[in-house]
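Participant: Okay, handing you the structure first.
The values are calculated or read from the model by the stated rules, or taken from the named source; none is laboratory data. Since the structure is predicted, the reported quantities are computational estimates derived from the model, not experimental observations. We place every Cβ from the backbone using ideal geometry, glycine too, and count neighbours over all the protein chains shown.
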Amino acid sequence: MAEKFHAIIVGAGPAGCSAAYHLAAEGLRVLVVERGEYPDSKKTSGALLHTHGLDDLFPDFPGDAPVERFVIDRKIALLTPESSLTIDFKDQHFANPPYNGFTVLRSKFDQWLAQKAEDAGALIMTNAQVDDLIKDGAKVVGVRTRQDDGEVRADVVIIAEGANSVLAEKAGLRSELPPDEMAVAAKEIIKLSRETINERFNLKGDEGASVHYIGACTKGIPGGGFIYTNKDSLSLGLVCRLSGLMERKLKVSDLVEEFKAHPHVHALIKDGKTREYSGHMIPEGGYKQMSRLFSAGALVVGEAASLNFNNGFILRGMDYAMASGIAAARAVLKAHKKTDFSENGLSAYQEELEASFVLKDMMRFRKLPDVLSNPRIYETYPNLVCGLGREMFEVDGTEQRRMAAIIWEAMRKQGADAGMLTIIKDILQLGLRL
């Protein structure tokens, strides 16, 4: 491909297509290179999209966007093998525009976003694997693909290829991520009728719910499970720390099957049919894991830059990806105006992210990933809370005890890991980081 582009974007996910749309809408020649058959063909599962900031791209969002349901109900469930305790927050405020968030099916949403980029003038090349970067000295000046005439050149390359970003490493923006800073996600789309979903989740119309699970579903490995409601399907999955799976010699796919069989979960998915299955790597190290964001001729966005957020009860990835794509596009536009794509010329990207919620959040919660590595969060405390529930509500003909005695008994059954000093220390650690 002889034509030189203003920008080449590797990856047609939310980060890449957001950057492509913004740049193409401003008249730049943009090429998006995607290794799949179509944008996001490798991530067929559902997701939660928090919609703040989307008016930067689409003032009338959702408009014609293929969203599933607006989420008004947020649940957190603690699991043991036999029991569960659920905290349920439902707010009709979230049913009003501009809405707090939607469930989406990534395959549909990402194709829609890619089409928006194409309509704005971007060229999207699918089934194209980028193997390497082309450099002129230290400056990135293009990419090398497996296509005929596979060298393509541009003023700048935006790396948006996801968590397993080989190009980010080749650009010198990050090193290989260790297993204790990576998680494996396994997800399914389970078909159920709209009526059944509304009945089981106490919803009506296009109202949606999300349920996040902590406890037995990951067998003590840092991580958790989730269910999101779509129009006529459920998105179900688990996220588990890679190092924990390796140490325990467990497969996340096997854990998903056990998760689906749990009484609490089975009641929600009963009679559903699995239609899609996918896996995905997720960076979990937070701010300390974050890559360098730019070098001469190159920027890295989304999960390739480890830009996502997890505080234990809310997971955010798509809004971080899209915001970083927009920030990268703005930096490229400034560099284009000055014809300066040096490292200094692209430094506006860092400034754009620092001014946004992305780096403000990641900096503020930079120590939280270490706290969330505490194994007691995923085993001891779910067992303690659910055990306390059993002690409170079980009637077995013995003398009714005072609440203090019930609490101490539940703590005693969990052993030294549930001692009062340990609990207080963990609560303080978590409270100071949240």
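Participant: If we keep just the residues of segment 383-427 that are part of a loop (DSSP other than H, G, I, E, B) and within 20 Å of L85 (Cα to Cα), which is modelled with the lowest pLDDT? Write out each step before concluding.
Facilitator: Residues of segment 383-427 part of a loop (DSSP other than H, G, I, E, B): 394-402, 419.
If we keep only those that are within 20 Å of L85 (Cα to Cα) too, we end up with 394-395.
Numbers: E394: 78, V395: 83.
The selected residue is E394.
Participant: Looking at segment 116-127 only, could you name the residues that are under 25 Å from K187 (Cα atoms) and out of contact with any Phe, Trp or Tyr (no Cβ under 7 Å at 6 or more places or on another chain)? Let's see the steps before the verdict.
Facilitator: Taking segment 116-127 and keeping what is under 25 Å from K187 (Cα atoms), we get 126-127.
Once the filter is applied, which keeps residues that are under 25 Å from K187 (Cα atoms) and out of contact with any Phe, Trp or Tyr (no Cβ under 7 Å at 6 or more places or on another chain), segment 116-127 yields only N127.
Participant: Any residue in segment 326-337 that's part of a helix (DSSP H, G or I): show its pairings with residues that are of a type in the set (S, T, N, Q) and buried (at least 19 other Cβ atoms within 10 Å of the Cβ) at Cβ separation under 6 Å, as long as the two are six or more apart or on different chains.
Facilitator: Between residues of segment 326-337 that are part of a helix (DSSP H, G or I) and residues that are of a type in the set (S, T, N, Q) and buried (at least 19 other Cβ atoms within 10 Å of the Cβ), the close pairs are I326/S18.
Participant: Give me the pairs, please: first residue somewhere in segment 126-153 and under 21 Å from G172 (Cβ atoms), second residue anywhere and of a type in the set (V, I, T) and not in a strand (DSSP E or B), beta-carbon distance under 9 Å, and either six or more positions apart or on two chains.
Facilitator: Between residues of segment 126-153 that are under 21 Å from G172 (Cβ atoms) and residues that are of a type in the set (V, I, T) and not in a strand (DSSP E or B), the close pairs are V130/V166; D131/V166; D132/V166.
Participant: Return a yes/no flag: does segment 323-330 have any residue that is touching a His at 6+ places or on another chain (Cβ under 6 Å) and of a type outside the set (D, E, K, R).
Facilitator: Taking segment 323-330 and keeping what is touching a His at 6+ places or on another chain (Cβ under 6 Å), we get 326, 329.
Applying the additional criterion that residues be of a type outside the set (D, E, K, R) yields 326, 329.
For segment 323-330, residues touching a His at 6+ places or on another chain (Cβ under 6 Å) and of a type outside the set (D, E, K, R): present.
Participant: Does D136 satisfy the criteria of being surrounded by fewer than 22 Cβ atoms within 10 Å (Cβ to Cβ), modelled with pLDDT of 90 or more, out of contact with any Lys or Arg (no Cβ under 8 Å at 6 or more places or on another chain) and within 20 Å of L28 (Cβ to Cβ)?
Facilitator: On the way: surrounded by fewer than 22 Cβ atoms within 10 Å (Cβ to Cβ): yes; modelled with pLDDT of 90 or more: yes; out of contact with any Lys or Arg (no Cβ under 8 Å at 6 or more places or on another chain): yes; within 20 Å of L28 (Cβ to Cβ): no.
So D136 fails the test.
Participant: Could you count how many residues in segment 342-382 are in a loop (DSSP other than H, G, I, E, B) and under 19 Å from E247 (Cα atoms)?
Facilitator: The first filter runs over segment 342-382 and keeps only residues in a loop (DSSP other than H, G, I, E, B), leaving 342-347, 356, 365-367, 372-374, 378-379.
The next check asks that each one be under 19 Å from E247 (Cα atoms); those that pass are 372-374, 378-379.
Of the residues in segment 342-382, 5 are in a loop (DSSP other than H, G, I, E, B) and under 19 Å from E247 (Cα atoms).
Participant: Could you tell me how many of the residues in segment 356-371 are farther than 30 Å from D56 by Cβ and surrounded by 21 or more Cβ atoms within 10 Å (Cβ to Cβ)? Lay out the reasoning, then the answer.
Facilitator: Filtering segment 356-371 down to residues farther than 30 Å from D56 by Cβ leaves 370-371.
Add one more test, that the residue is surrounded by 21 or more Cβ atoms within 10 Å (Cβ to Cβ), and what stays is none.
Result for segment 356-371: 0.
Participant: Which one of D56, D73 is modelled with pLDDT under 90, surrounded by fewer than 22 Cβ atoms within 10 Å (Cβ to Cβ) and not assigned by TED's automatic domain parsing to the domain that holds I197?
Facilitator: D56
Condition check ((1) surrounded by fewer than 21 Cβ atoms within 10 Å (Cβ to Cβ); (2) assigned to a strand (DSSP E or B); (3) touching an Asp or Glu at 6+ places or on another chain (Cβ under 9 Å)) across all residues:
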site	(1), (2), (3)
A267	yes, no, no
D271	yes, no, no
T274	yes, yes, yes
Y277	yes, yes, yes
M281	yes, yes, yes
L299	no, yes, no
A304	no, no, yes
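Participant: Let me ask you something else. Would you mention how many residues in segment 220-259 are in contact with a strand residue (DSSP E or B) (Cβ under 9 Å, 6 or more places away or on another chain), outside any strand (DSSP E or B), farther than 17 Å from I190 by Cα and touching a residue at least 60 places away in the same chain (Cβ under 8 Å)?
Facilitator: Of the residues in segment 220-259, 6 are in contact with a strand residue (DSSP E or B) (Cβ under 9 Å, 6 or more places away or on another chain), outside any strand (DSSP E or B), farther than 17 Å from I190 by Cα and touching a residue at least 60 places away in the same chain (Cβ under 8 Å).
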